[in-house]
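Heads up: the structure comes next, in structure tokens.
The values are calculated or read from the model by the stated rules, or taken from the named source; none is laboratory data. In this text the structure is predicted, and so the values were computed from the model without any measurement. So basically every Cβ, Gly included, is an ideal-geometry build from the backbone, and we count neighbours across all protein chains shown.
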Amino acid sequence: MLTLIKRESQSLCLYLALPGLASIILAILFYLEIARRHQFSPYSPISNSMYEFFWVIAFCLPPLCAGMGLYQMLADRTHKISAFLLTHATTRSRIFLARLAVGLIAVLLLSLFWPAIFAFLINKYPRAIPGAMEFFMPRLIILTILNLTCYSLGILLGLYRNIRIALSAGIFLTAILITLIAIKGFTLTPAILLLLIAAAITRTWQKFLTRPL
């Protein structure tokens, strides 16, 4: 199992290299902007920069997470990875669980990076951004659940044989979820998203175990 997880982690490194680098650069720019605003106005309300950066990541992370799930499943079929692995001492269930574990961990790391950055800045400049912790943290938690939802839909859609339909459906469903969040202002109940995650993962597991490789 550990060998499968290691192999899956290596295959995702290339996909995550650019988003990871972009996140670090954005975080540095974010910090510099907050520091600049604090220098000139240490008693200002919630910084506009924090609000602007929040919406940048809210619109960028969900498609990226959906793309991660699509990438895992489409690459598996294109390169016949599962068919090759089954020639060794393993099972489809182990392959799927390893792939799912690596994907979920990658989504969580990519998502939780931003609450950590926000928490650091809020604690460093508490007078400059009063009330920011209560404002941003619940929304960042919902965003993390949304990212997991998009990833779960991505791995499900990645099983479809028509790549164009899978990619189009991934873009469409992600756009709908982001639009709902934008309209409802992150008041969408997490329970709905968690049920969607469970349903998507369960259906993906069923299809993965029975589809021809």
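Restricting region 12-53 to residues that are polar (S, T, N, Q) and modelled with pLDDT under 80 leaves a set whose member that is surrounded by the fewest Cβ atoms within 10 Å (Cβ to Cβ) is Q39. Right, A128: among the small types (G, A, S), at pLDDT 90 or above and either surrounded by 15 or more Cβ atoms within 10 Å (Cβ to Cβ) or not in a loop (DSSP other than H, G, I, E, B) (or both) or not? In short, no.
Scanning region 199-213 for residues being in contact (Cβ under 8 Å) with a residue 24 or more places away in the chain and assigned to a helix (DSSP H, G or I) gives a total of 8. Can you name the residue in region 175-198 that is outside any helix (DSSP H, G or I) and either surrounded by 10 or more Cβ atoms within 10 Å (Cβ to Cβ) or among the β-branched types (V, I, T) (or both) and, of all such residues, is modelled with the highest pLDDT? Among those residues, the one meeting the criterion is T189. Looking across region 92-137, not a single residue is over 21 Å from P19 (Cα atoms) and touching a Gly at 6+ places or on another chain (Cβ under 9 Å). Just to verify a result, which residue in region 54-100, among those that are at pLDDT 85 or above and of a type in the set (F, W, Y), is farthest from L143 (Cα to Cα)? Among residues in region 54-100 that are at pLDDT 85 or above and of a type in the set (F, W, Y), the one farthest from L143 (Cα to Cα) is F96. Scanning region 101-117 for residues that are of a type outside the set (A, V, I, L, M) and either crowded, with 22+ Cβ neighbours inside 10 Å or in contact with a strand residue (DSSP E or B) (Cβ under 9 Å, 6 or more places away or on another chain) (or both) turns up G103, S111, W114.
Residue count for region 134-148 under the criterion of being buried (at least 17 other Cβ atoms within 10 Å of the Cβ), over 17 Å from F53 (Cβ atoms) and without any contact (Cβ under 8 Å) to a residue 60 or more places away in the chain: the result is 1.
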